[in-house]
Amino acid sequence: MTQSTVMESNFLPTNEPPQSLASLVTNGIGLVSGANIGCRENMRSLGVVGTSPAGREPKTFDLSASSSPVTGGSGASASVEPSLQKLPLTTVTVTTGGNLHGGFGIQDFNSCIQSYSNNDTTISQLIVTPTNSSFESLWEARVNNLKFIQPTTPRPSIIATPTDETQVQTILLCTKKLGYELRTRSGGHDYKGLSYTAQAPFVMLDLVNMRQIDLNVNSRTAWVQSGALLGELYYAISQKTNTLYFPAGMCITVGIGGYLSGGGYGNLVRKYGLAADHALDIRFLDVNGNILDRKSMGEDLFWALRGGGGGSFGIILAWKVGLVPVPEIVTVFRKNVTLEQNGTDIFHKYQYVAPRLDHNLTMRVQIFSELIGNTTTKTIRMLFEGLYLGRMDTLLSLLDKRFPELNITRVLRGDDHGPVVSRVRIAFVHEHNPNCDARESNRYSKALEQ
């Protein structure tokens, strides 16, 4: 039998905040779920088996309420954390003007932005065009899918990097007025390039500077701006508590905006369902420039935004999410099995066993084609990975009873605290995860080892 690795670990995996960028995709005016769809569907194809306690049935809904104007100060603004409430619920009046083919261009866009701003320095930092020497490197840094970094890939006409909600409103206004398309990005885990390339002239709204996280341990909630990464949210939680967690994905460089608007599969999906099931409120900019929250947008639109793709309806500025309880120490394992090691029968058994196991255990399988040793003969290798919300002895007893064919044994036991366990936990999360950006993941792993 091949060697397996099982260990106990602190649940929150990192001692250092991630410095990388990550996920959000868009369609037309705002955020869509494409970033998360990539991770979600790949996880399905790799054998993730689980059930959601809060599954959703298809429904029809009326979105007419989303176009109603909201006057300044109205709505449920009192529920918004003070440090994220940069402005009251408000309305921007948008007048749709001509388009690029009618003579409008980049200079007109800059002039439009400046006409709504009192700070020229801010504007120069906000807007990046192809005339800027940093434009190409900035755009490439935002593209996590390397196949799009080609001379023939259409670039944005303008890259806009707002720092607050008022600037997002202004960018939306000028984009509509001058006839550009708008593509919104909160990180770049976008397998189809929807957030950073298009056939028509477009503005890339990059939320990289809108990544504030306000955590309230007492209420078990957090307000998270759409540009924040999952790793940044995990780190923020770990700095205040060891017994709460947000049940999201394994790719620490994925952005919260696209992830939640796509539903959000993760490593606690069997116990807590989708990440979007834990979205409590949203700050949302509709196509008319209105900033809405859950109360003012209505339950139908709020329902649609949690899985239907935010960009189908507007721009998601921030999410209020609920945190879930977890034990301070959890157990993780991984094991490689090849076809020659009875892998076919083990995988067959896995598909029957996994849905019936304790919901505190989530397992997944990744499948690889590789050469056998130094030969030219190929085989299939299956990597089984698991996360158990409990101690090692309980997990081993469970697997010995329900899935003995996997032959998980006590090979390595980490310290309950310390950098070795944290580093191995990070490796478990994304060293073998093809959905994560290799450039960002490698840099993060190396930083932990220093």
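The values are calculated or read from the model by the stated rules, or taken from the named source; none is laboratory data. All values reported here derive from a predicted model rather than from experimental measurement. Neighbour counts run over all protein chains shown; Cβ positions are idealised from the backbone, glycine included.
Computed quantities for the displayed model
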quantity: One residue from 192, 176 being surrounded by fewer than 22 Cβ atoms within 10 Å (Cβ to Cβ), part of a helix (DSSP H, G or I) and out of contact with any Cys (no Cβ under 8 Å at 6 or more places or on another chain); calculated: 176
quantity: Of all residues in the stretch 135-163 being of a type in the set (S, T, N, Q) and at pLDDT below 90, the one that is surrounded by the fewest Cβ atoms within 10 Å (Cβ to Cβ); calculated: 145
quantity: Every pair of residues 6+ apart whose Cβ atoms lie under 8 Å, when the first sits in the stretch 127-143 and is under 23 Å from residue 229 (Cα atoms) while the second is in a helix (DSSP H, G or I) and not aliphatic (A, V, I, L, M); calculated: 127/109; 127/110; 128/135
quantity: Tally, over the stretch 164-194, of residues that are in contact with an Asp or Glu (Cβ under 9 Å, 6 or more places away or on another chain), at pLDDT 90 or above and hydroxyl-bearing (Ser, Thr, Tyr); calculated: 2
quantity: Selection status of residue 320, touching a residue at least 60 places away in the same chain (Cβ under 8 Å), in a strand (DSSP E or B) and farther than 26 Å from residue 215 by Cα; calculated: no
quantity: Qualifying residue in the stretch 178-198 (condition: under 30 Å from residue 358 (Cβ atoms) and not small (Gly, Ala, Ser)); calculated: no
quantity: Checklist (1) in a helix (DSSP H, G or I); (2) of a type in the set (A, V, I, L, M, F, W, C); (3) in contact with an Asp or Glu (Cβ under 7 Å, 6 or more places away or on another chain) applied to residue 237, failing item; calculated: (3)
quantity: Qualifying positions in the stretch 287-307 - out of contact with any Leu (no Cβ under 7 Å at 6 or more places or on another chain) and in a helix (DSSP H, G or I); calculated: 294, 295, 297, 299, 302, 303, 304, 305
quantity: Subset of the stretch 289-334 (residues that are more than 24 Å from residue 171 (Cα to Cα) and polar (S, T, N, Q)); calculated: 331
quantity: Filter result (surrounded by 14 or more Cβ atoms within 10 Å (Cβ to Cβ) and either touching a Cys at 6+ places or on another chain (Cβ under 6 Å) or part of a helix (DSSP H, G or I) (or both)) within the stretch 345-366; calculated: 346, 347, 349, 350, 353, 354
quantity: Residue list for the stretch 199-227, filter: part of a loop (DSSP other than H, G, I, E, B), under 15 Å from the mean Cα position of the chain (by Cα) and free of Cβ contacts under 8 Å to residues at least 40 places away in the same chain; calculated: 211
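Matching residues to (1) farther than 30 Å from residue 145 by Cβ; (2) more than 20 Å from the chain's Cα centre (by Cα); (3) not charged (D, E, K, R):
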{"site": "235", "(1), (2), (3)": "no, no, yes"}
{"site": "245", "(1), (2), (3)": "no, no, yes"}
{"site": "251", "(1), (2), (3)": "no, no, yes"}
{"site": "266", "(1), (2), (3)": "no, no, yes"}
{"site": "291", "(1), (2), (3)": "yes, yes, yes"}
{"site": "340", "(1), (2), (3)": "yes, yes, no"}
